[in-house]
Structures are given as structure tokens and as C-alpha cells.
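In what follows, a structure is listed as C-alpha cells, so that the remarks can point back to it.
The values are calculated or read from the model by the stated rules, or taken from the named source; none is laboratory data. All values reported here derive from a predicted model rather than from experimental measurement. Here the Cβ positions follow ideal geometry from the backbone for every residue, glycine too, while neighbour counts run over all protein chains shown. Keep in mind that these areas ignore ligands, DNA and RNA; they rest on the heavy atoms of the full protein, side chains included. Shrake-Rupley method; radii C 1.70, N 1.55, O 1.52, S 1.80 Å.
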Amino acid sequence: MSWQAIGIFDSGVGGLTVLREITRALPQEDTIYFGDTARVPYGTKSPETVSRYAHEITSFLVRRDIKLLVVACNTVSAVALSGLKRQFSLPVVGVIEPGARRAVEVTRSGRVGVIGTSGTIRSSAYTRAIKRLNPDVEVLTRACPLFVPLAEEGWIDNQVARLTAECYLHELKQAGIDTLVLGCTHYPLLKPLIAEIMGPDVVLVDSAEETARTVAATLADKHLLRPAAEKGNNHYYVSDIPAGFIRVGNRFLGGRLGDVYQVDLEKDREEC
Ligand code: DGL
């Protein structure tokens, strides 16, 4: 019997932190990952451009007959998720809703902080998602764009990373939040440093972990879970040459990537 794969995409390597949690929760599932390495970063781009990219990539994955789509990128989830759900008739899971739900569950003081790319923070998607769940929760946000290159460079605990994090997080710390959502694929790599700066009274919510739980629940609900008999395969596609993706990706995945293939989305569309 052949089983359909879970499709996952991100602007680049970042979504591998989400893939890591999904394969940890559902090791039996086949996955197809797409990283748009030729057009990364998305966090600084307009919602219109990000939505167009998201549509092209989703079409590519749908042509590979996936059973569920995970929008692993926070920026895409923030600006394009509802459009994708309207345009494609398969279950679509983003990273914002799961992270927001967890934040509302864990906050005691009702003061929640959210950090993410400029695009994610500008969209107010986390604030809206949290307020939908509990209008009384106060949400304080901060864009931390430099965390993305720091994480990719592996600068996650040196002086530069520490000073940058202290600068970005100072106001949130002063504001007395008790919960902080890591609203970007790259931020789990900086988690130990962020935890140290925010102190033991602030709970960090990792959207990647929460998303994996939502994926498992959605598949179970739709009777699409693959029986846990054997380990699934993981396939990787990127839009630029794979070398950089492989080098940085192993660190994001916390293990070794398999073969990575470069694809031209335009050509693929014409051929199919
Ligand atoms: N993957 C993006 C996100 O989670 C971060 C990198 C980018 O800006 O493309 O928002």
C-alpha cells in the first residue's frame, strides 16, 4: 500500500525546525519539504509577493499528491494562510494558530510577548489569533529581524547574539510578560539564549512543537495517519543550488538531511 506524504514548505532552511518536530511526533510519515532558497528571506517582503510565492510552492507540492500541507514559515502563515485554504482543497496547517493556542493556555498573568520577522509582526496575525482565543490577553510584540542571519550563521551564543538579543528583548522583559512566543522558524535555535535573558519566570512557546501536535491531531481526525510500522522517507527540494541548504540545514534539522534536489517551479508547472 502506498501512503501519501505530508508536504511542508518554508522560505528556506527555517522550516526544518518544524519538520524536525513533525518527524519526532510522526516518524512513520513520508514528508516532502520545499525550501525557497532562491527567494529567501520572506520576512522583509510584501504580503502580495509572499502570497504569490506560497501559491506557486503549494501547487508544486499538490502536484506531488500530498495529503496535508504544513506552512512551516511564520511569515507565510501570517499573510497567506487563509488564501491557501481557499484556493486548495486539502488540509492546511500553519504555525500561528498552534503557537497562539499554546500561549493562551500557559499564560497566568495574561501578558504575552510575541517575537517574529518584520512581516509577521506587521501583520498582527499572532495578536489577532491570541485575541480570538481570549480577548483579555494583552499581547506585546517585537520584530527581531537580525535573529534570522544570526541563527543561519550559527551565532547563537556569542557576544554579538547576546547583545542583539538583549537589545530586542529589553522592553518585553520590562513589560513583565510571563509567556513569549518564538514566532519565527529560526528562533528555536536561539532558545537557550532567549530563555537566559528572559529569566525563569517567562515560558517560551515554540511554534514548531505546537504545530507538530496540530498536524498529528488533524491527520488522526481525518483518518489519514500512516500506521506506525516502519520509518517514513524524507524528501527535500530547494529552488537554488543545494550546497548552502545542506550545510545550514543539518544544524536546523538536528541530524543529517537526505538527498536535496533543485527544482525550477516554473518548468515543473509546465511539465506537469
Ligand atoms: N521562515 C521565516 C519565518 O518563519 C524566517 C525567514 C525569512 O524571513 O524568510 O518567518
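Kindly indicate whether Glu153 is surrounded by fewer than 17 Cβ atoms within 10 Å (Cβ to Cβ), within 19 Å of the chain's Cα centre (by Cα) and of a type in the set (Asp, Glu).
Spelling it out, Glu153 is indeed surrounded by fewer than 17 Cβ atoms within 10 Å (Cβ to Cβ), within 19 Å of the chain's Cα centre (by Cα) and of a type in the set (Asp, Glu).
Read through the list (1) aliphatic (A, V, I, L, M); (2) within 12 Å of the ligand (Cβ to nearest atom); (3) closer than 18 Å to Thr17 by Cα, then give the number of the only condition that Val205 fails.
(2)
Within the set of pairs 6+ apart or on separate chains, which have a first residue in segment 181-197 that is over 19 Å from Val106 (Cβ atoms) and free of Cβ contacts under 8 Å to residues at least 40 places away in the same chain, a second that is more than 10 Å from the ligand (Cβ to nearest atom) and open to solvent by less than 10 Å² (accessible area, probe 1.4 Å), and C-beta atoms under 8 Å apart?
Leu193/Ala161; Leu193/Ala165
Could you check how many residues of segment 215-250 are over 17 Å from Thr185 (Cβ atoms), small (Gly, Ala, Ser) and in contact with a helix residue (DSSP H, G or I) (Cβ under 8 Å, 6 or more places away or on another chain)?
Total meeting the criteria: 2.
Within segment 43-60, take every residue that is within 16 Å of the chain's Cα centre (by Cα) and small (Gly, Ala, Ser) and give me the one that is most open to solvent (accessible area, probe 1.4 Å).
Result: Ser51.
Give just the number: which of (1) away from the ligand (no atom under 16 Å from the Cβ); (2) in contact with a Ser or Thr (Cβ under 6 Å, 6 or more places away or on another chain) does Ser59 not satisfy?
(2)
Being assigned to a helix (DSSP H, G or I) and more than 25 Å from Arg102 (Cβ to Cβ) is the filter here, so list the residues in segment 122-160 that pass it.
Initially, segment 122-160 is screened for residues assigned to a helix (DSSP H, G or I), giving 122-123, 125-133, 147-153, 159-160.
Within segment 122-160, Pro149, Glu152, Glu153, Gln159, Val160 qualify.
Can you run down the residue pairs with Cβ atoms below 7 Å, 6 or more apart or on separate chains, where the first is in segment 145-160 and at positive phi and the partner is of a type in the set (Lys, Arg)?
Sorted first by the residue in segment 145-160, then by its partner, the pairs are Gly154/Arg251.
Identify, please: which residue in segment 178-215 is assigned to a strand (DSSP E or B) and open to solvent by 20 Å² or more (accessible area, probe 1.4 Å) and is, among those, nearest to Asn158 (Cα to Cα)?
Leu204
Return only the number of the condition from (1) surrounded by fewer than 24 Cβ atoms within 10 Å (Cβ to Cβ); (2) at pLDDT 95 or above; (3) more than 13 Å from the ligand (Cβ to nearest atom); (4) not in a strand (DSSP E or B) that Arg39 does not satisfy.
That leaves (3) as the condition not met.
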